[in-house]
Amino acid sequence: MGNCRKSIFFKEQLKLKPLQRMDNLSRKAFCFFNKFSIRNQIIFFFLVVSLIPIIIIGVISYSDSKEAIIMKNSKYSQNELSQTIQNLEMKLQGIESISMQFVSNTENNKLLRDFCNVEARNESSRQQDTRVLLQSVAFNYKDDYAISFVSLHDTVKHIESSPLPRAFFENNQRKFFKQVIAGNGRVIWSLYSVPNKNNLIVMGRIIKDTLNGDQLGILFIFVNEKTISDVINPNADTDKNDNYSIIIDENGTIISNLIKDNIGKNIFKLLNHPQKIRSSLENQQSKNSYFDKINNQEVMLTGKAMDERNWYVLSVVKTSYLYEEIRTLGWKIFIIGIVFAMFAVFISIAIAINISNPLNQVVYAMKRVERGDFTVRANVNRKDELGFLGAAFDRMIDKIGHLLHETKEAMNAVLGHSKALEESSYQSAKTALTIAATMEQISKGTMEQTVETEKSSTTMNDLAKQIESMFLKANEVEQISGFARELSLKSNDAVEQLIAKNQETDQITEAIIKDIFDLNNSAAEIREITETITNIAEQTNLLGLNASIEAARAGEMGQGFAVVSEEVNKLAIQSRNAAKTINSILHNIEIKTANSSNTVEQAHQIFGEQRLAVKSAQIAFTNITAATSDIISQIAFVNQIIHDINNNKEHASQSIMNISTISEQTAVSAQEVSASSEEQTTMAEKVRMLAKELHQKAEAMAEIIAKFQI
């Protein structure tokens, strides 16, 4: 339940605006500090004000100094690594130059060639000469070198300047031998760990015959690891191991290190975060330093690659050594902070006592006043704000004492007046009771009058509703009559339009009859013409036959005339047929015109009968319109009478309503007067009781004031 409330509280806090949240936090902090005394608050805030700047300055100084030392040490490590790599490169080149003596020197190369020649005689003598050569070359150098040569013609045959581990030559097929052979004259370096002895760094190189270029064998130069370590760590302290360098190959194997136990191990397995230094070594342009742990000791690593050797030189600096001066500075700042804190505590306590003592005097005086002793004084003899506070407190006590004295006198006066007020209140209560009884009778009569008035008002309202309903119905009848009159007028207009249309139709019918008659006459004329054409066609046919006969008689001379006569016969036949067709069409037209003429005659008779019916309807509508106008006039007169009744009804109803309202107001006023009288009686009784209570309180206050010492 508590966690739920807390979660709800935090949700509500998140909903608040930032300014509101800051205000809430400041209020809570203010309430928290109010729980402590002023002395403790002064000490706390004085410590905060004095120590926070020291802490901030100390932290900034510490962090800036730490950052500066890291940057400078990183830069110094880069420069030192560059110099170390140069020295190491010179050392390695010097060792590699030893092998060149067996290539550039013809006599040395001949001795190795003879050593490898299995067919040559005096093998022991050749081995002795070769061993002397190797010893003389190794002796010319100050460092402890060992030189060995292994023949490629007989891998068992080898010679060394000084005794070397047998295991190195017995396992001559190992990876290093293969790398040297694959190098084809290029120098190959590798680490060879000797159990319980110093580690050796071996250089291998193929030696070729200077005469024909054939490979003779492999020249190995064994260098003590300490020789290389002295080059990269010339000034290192082997006891502390605070700042030293190490050499690793491309696989991360440690080749040389000040800590001999780590030689041969993989550097990436010794680090907690190897990916940092791995990425730095892969990116040779990176000049950053990284922090990690080696053997649970925090160190700063800076790496740099050796060109064309696949070796890397790492600078290792322990952070305990790197931050030694920083920690000293931090302790100094801490001690200074402690000194300032003690000084601040001393000053704050002195200031707190100087402020709290006068306040304690005022608090002591206030507690005496709380117990009723107004003779006490703070007696703060100072010239600052606390002295002003003490003097103000003393003046306040004087004024309160004077006020208590005046209050005591006023209470004596109240005791006398409260008794008289109690008796006056008793008389007022009796008078109010009499008035209340009288007003109750008046209120009862007024209420009965109000009831009768309300009955009359109800009856009048019912009558008013009936009159209003009749008025509405009369208006509806008047509206319906008006609509009927308008409809009659519109019907009369429609009848007149119908009469006009009948007249137009009659005229059109007569015109159609005339046109049909003219069409019959035209058809008769056309028939006469077609009969004439038929006669002409028959005559033409006869003429054509005669022409054909004459052409036949004429023989060849009449052939052209025969063709013409044949065409004339065809034309006569066609004309006769066309005339027959026209006569048939004209016959059909005559039949249809006769039928149309009969139909039009019948329509003309029907239109005549319709015209008479429309005339009768027009007369009827005229009579209806006149009767409707008379009805509307009578309804309007009745409606006016109802309207006057309705107006009089409104006045009568309003008068009854006014009477009812006045009666109700009178009844309410009477009730209010009666209630006021009752309230006055109650108030008078309360005043009497309050006067009695006031008298008792005045006596009690007089007893209380008597307890104060003035």
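Each value in this text was obtained by applying a stated rule to the coordinates, not by laboratory testing. As the structure is a prediction and not an experimental result, all values here were calculated from the model. Neighbour counts are summed over all protein chains in view; Cβ atoms, including those assigned to glycine, are modelled from backbone coordinates with ideal geometry.
For the reader, a short list of remarks on this structure follows.
- In plain terms, the chain from THR458 to ARG186 could stretch by 84.4 nm, reckoned as 0.36 nm per residue minus the Cα-Cα distance.
- Cβ-derived FRET efficiency at R0 51 Å, PHE45 paired with LYS260, nearest 0.05: 0.30
- Model label points for ARG368 and ALA391, set 7 angstrom from Cα along the Cα-to-Cβ axis, are 2.0 nm apart.
- Using the Cβ-Cβ distance between SER279 and TRP331 with R0 set to 25 Å, the FRET efficiency from 1/(1 + (r/R0)^6) comes to roughly 0.10.
- Cut-off 20 Å (backbone N to label point 7 Å along Cα→Cβ of ASP64), residues of the range 308-331: 323-331
- Extension gain from ASN583 to LYS501, taking 0.36 nm per residue of separation minus the Cα-Cα distance: 25.6 nm
- Measuring against 21 Å, Cα to Cα, the residue pairs LYS110/LYS208; LYS226/LYS265; LYS91/LYS304; LYS178/LYS260; LYS367/LYS399; LYS260/LYS293 contain LYS178/LYS260 as the ones spanning a longer distance.
- Under 9 Å, Cβ to Cβ, from SER320 - net charge with Lys/Arg +1 and Asp/Glu -1: -1
- Burial ranking of peptide ranges 101-113, 375-387 (average Cβ count within 10 Å, highest at the top): 101-113, 375-387
- Between ILE55 and THR682, the simple label model (points 7 Å from Cα in the Cβ direction) yields a spacing of 6.8 nm.
- Residue separation of ILE533 and ILE591 scaled by 0.36 nm, minus their Cα-Cα distance, works out to 18.6 nm of gained length.
- Label-to-label distance, TYR141 versus ASN381, with points set 7 angstrom from Cα along the beta-carbon direction: 9.9 nm.
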